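This report concerns only the one structure given below.
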Amino acid sequence: MSHEPVLFLDTNAFHYMRLYLGLVRKYKLRPIGKSTKDPDQVIRNEFKGRAQDNVKQGRQIVEFLRSKCESGARVVYSPITCLELVAGLLRGKAIISAAREGTPQRMWNRIDEREILARLDEAAYRAAKGAAETCEVACEAYGIAVNRADPTRMRDVWILAEKMLEYVFLDAGDSLVFASSLLEMADEVITYDRYLRSIITSIQNPGGARPEERDYFKRIRPDLVRLVAKATALQTSEVRLPRVSKVR
């Protein structure tokens, strides 16, 4: 049986992809629509600075995944991405509300969770609901099958993430994303988070770690492999540790 490559999206990669697909829908760009406009020119006209870079990265991810799916790859993302995405969208709605009000500079630091709650209405919740599912549908139209990791395995994800923190530091979101990718036996993780990229690379190949960290990662790698083997009921020899995907 041939191996089905698994590509795992972290939250920022999913976000960048969602930005570009939103632009594709808005301007009916190919292959979803019939517009002959150059996507790169549309991006340059629509966005500036870092926002433009983010959308360009989204286009790179979409084109990369499209070619990989044509070769039989499977694309997966973690349920935690949905939570991070919706929470970010809701916070953004509250910030837009404050900006329209003309909130003075010194008051921005006072916008806490309680004020965000007060500034959100039903329309804001409706707009944020289903953001990940909308992106999945757009991906399908683009020839990319994107699947959410099985939410019934979240118990195992939590356990593995907690165990990993006994060996290497990751923040809560990244530890859950990385644990999900390990349980999915992902071949590659697509991420633009520099620290997460370095940790994934160092665990997969300790020789690629910083010189001062190589011995440490060589020492903990077998322990992490055993954790994954236990969580997946595999032999340690069957465990695949993902590498960082080189999106071009």
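Pairs of Cα atoms under 8 Å, at least six residues apart: use those to get the relative contact order of the stretch 1-136, whole percent.
Details: 102 pairs, mean separation 42.0, N = 136.
In percent, rounded to a whole number, it is 31.
How much length would be gained if the chain were fully extended between residue 219 and residue 99, taking 0.36 nm per residue of separation minus their Cα-Cα distance, in nm to one decimal?
Working: separation 120, 0.36 × 120 = 43.20 nm, distance 5.05 nm.
Fully extending the segment from residue 219 to residue 99 adds 38.2 nm.
Over the C-alpha atoms of the stretch 106-225, what are the Rg and the largest Cα-to-Cα span, Dmax, in Å?
Expressed in Å, the Cα Rg and Dmax of the stretch 106-225 come to 18.9, 53.
From the C-alpha gyration tensor of the stretch 1-143, pull out the three semi-axes of the equivalent ellipsoid (sqrt of 5λ each), sorted largest to smallest, in whole Å. Kindly include the intermediate steps, with their values, before the conclusion.
Working: eigenvalues 199, 75, 35 Å².
Semi-axes from the Cα gyration tensor: 32, 19, 13 Å.
Per Stokes-Einstein, at 25 °C and 0.890 mPa s, what whole-number D in µm² s⁻¹ belongs to the chain, with the Kirkwood radius over Cα pairs as the hydrodynamic radius? Mind dumping the intermediate values first?
Numbers: Rh = 19.8 Å.
Using the Kirkwood radius from Cα pairs, D works out to 124 µm²/s.
Averaged per residue, what accessible area in Å² does the stretch 8-51 show with a 1.4 Å probe, protein chains only?
On the way: 2460 Å² over 44 residues.
Averaged over the residues of the stretch 8-51, the accessible area is 56 Å².
Could you pull the Cα extents of the stretch 55-118 along its three principal axes, largest to smallest, in whole Å?
52, 25, 15
Could you please state how large a percent of the accessible area of the stretch 1-75 is carbon and sulfur, counting protein chains only and using a 1.4 Å probe?
Working: 1910 of 4110 Å².
That share works out to 46 percent.
Report the trypsin sites (Lys or Arg not before Pro) located in the stretch 69-105 that are in a DSSP loop and have at most 11 other Cβ atoms inside 10 Å of their Cβ, or state none. Write out the running numbers ahead of the final one.
Details: sites: 74, 91, 93, 100; in loops: none.
When the trypsin sites (Lys or Arg not before Pro) of the stretch 69-105 are filtered for loop state and at most 11 Cβ neighbours within 10 Å, nothing remains.
Using Cα positions and a limit of under 28 Å, work out the lysines in reach of residue 129, with same-chain residues fewer than 8 apart set aside.
Partners within reach: 26, 28, 48, 56, 93.
Taking 0.36 nm per residue of sequence separation and subtracting the Cα-Cα distance, how much length would be gained by fully extending the chain between residue 120 and residue 145, in nm to one decimal? Display every interim value, and only then the final one.
Working: separation 25, 0.36 × 25 = 9.00 nm, distance 3.27 nm.
Full-extension gain reported as 5.7 nm.
Run the accessible area of the stretch 143-199 with a 1.4 Å probe and give the carbon-and-sulfur part as a rounded percent.
Numbers: 1450 of 2670 Å².
Carbon-and-sulfur percentage of accessible area, whole number: 54.
Just to be sure I follow: if Rg is taken over the C-alpha atoms of the stretch 59-160 and Rh is the Kirkwood radius over the same atoms, what is Rg/Rh?
Values: Rg = 17.9 Å, Rh = 16.2 Å.
With Rg and the Kirkwood Rh in hand, the quotient comes to 1.10.
Let me check I've understood the local charge: for residue 94, count other residues with C-beta under 9 angstrom from its C-beta, Lys and Arg +1, Asp and Glu -1. What total comes out? Walk me through the intermediate numbers first.
On the way: positive: 91, 93, 119; negative: 115.
Combined, the nearby Lys, Arg, Asp and Glu give +2.
Taking H as built 1.01 Å from N, whose amide H comes closer than 5 Å to the amide H of residue 6, not counting residues under 5 places away?
Long-range HN contacts for residue 6: 74, 187, 188.
Check residue 170: other-chain or 5+ apart residues with amide H under 5 Å from its amide H, H built from backbone geometry?
Amide H neighbours of residue 170, under 5 Å, 5+ apart: none.
Explain nothing, just the number: relative contact order of the chain, from Cα pairs under 8 Å at least 6 residues apart, as a whole percent. Intermediate results must be reported in sequence, preceding the final value.
On the way: 290 pairs, mean separation 62.8, N = 248.
Computed value for the chain: 25 percent relative contact order.
Using each residue's phi in the stretch 209-222, evaluate 6.51 cos²θ - 1.76 cosθ + 1.60 at θ = phi - 60° and report the 3J(HN,Hα) Karplus result to the nearest Hz, with x for Gly and Pro.
Working through the residues one at a time gives 6, 4, x, 6, 10, 4, 4, 4, 5, 4, 6, 8, 4, x Hz.
Output wanted: per-residue J couplings in Hz (rounded whole) for the stretch 10-27, from phi through Karplus 6.51 cos²θ - 1.76 cosθ + 1.60, θ = phi - 60°, x for Gly and Pro.
Each residue of the stretch 10-27 in turn: 8, 5, 5, 5, 4, 4, 4, 4, 5, 4, 5, 5, x, 5, 4, 5, 4, 9 Hz.
Using a 7 Å offset from the Cα along the Cα-to-Cβ direction at both residue 66 and residue 212, what is the distance between the two label points in nm, to one decimal?
4.4 nm
As an exercise, use a Förster radius of 41 Å and the Cβ-Cβ distance of residue 127 and residue 168 to find the FRET efficiency, rounded to the nearest 0.05. The partial results should precede the final answer.
Working: r = 37 Å, r/R0 = 0.91.
According to the calculation, E is roughly 0.65.
Need the full-extension length gain, residue 83 to residue 28, defined as separation in residues times 0.36 nm minus the C-alpha distance. One decimal, nm. Don't jump to the answer; show the numbers that get you there.
Working: separation 55, 0.36 × 55 = 19.80 nm, distance 2.83 nm.
Using 0.36 nm per residue and subtracting the Cα-Cα distance, I get 17.0 nm.
Taking only protein heavy atoms into account and a 1.4 Å probe, give the accessible area per residue of the stretch 90-248 in Å². All intermediate terms of the calculation are to be shown ahead of the outcome.
On the way: 9630 Å² over 159 residues.
With the other protein chains kept in place, the stretch 90-248 gives 61 Å² per residue.
Please turn the phi angles of the stretch 172-180 into ³J(HN,Hα) values with the Karplus equation 6.51 cos²θ - 1.76 cosθ + 1.60 (θ = phi - 60°), one per residue in order, whole Hz, x for glycine and proline.
With coefficients 6.51, -1.76 and 1.60, one gets 4, x, 5, 5, 6, 5, 5, 4, 4 Hz.
If amide H atoms are built 1.01 Å from N in the plane of the peptide, which residues on other chains or at least 5 residues away come under 5 Å of the amide H of residue 103?
For residue 103, no residues qualify.
As a test of the definition: which semi-axes, in Å, follow for the stretch 1-45 when you take the square root of five times each eigenvalue of its alpha carbon gyration tensor? Largest first, please. The partial results should precede the final answer.
Details: eigenvalues 145, 45, 14 Å².
So the equivalent ellipsoid measures 27, 15, 8 Å along its semi-axes.
The values are calculated or read from the model by the stated rules, or taken from the named source; none is laboratory data. As the structure is a computational prediction, the values presented were derived from the model and not from experiment. Neighbour counts are summed over all protein chains in view; Cβ atoms, including those assigned to glycine, are modelled from backbone coordinates with ideal geometry. The area values use the complete protein model at the heavy-atom level, side chains included, leaving out ligands, DNA and RNA. Shrake-Rupley method; radii C 1.70, N 1.55, O 1.52, S 1.80 Å.
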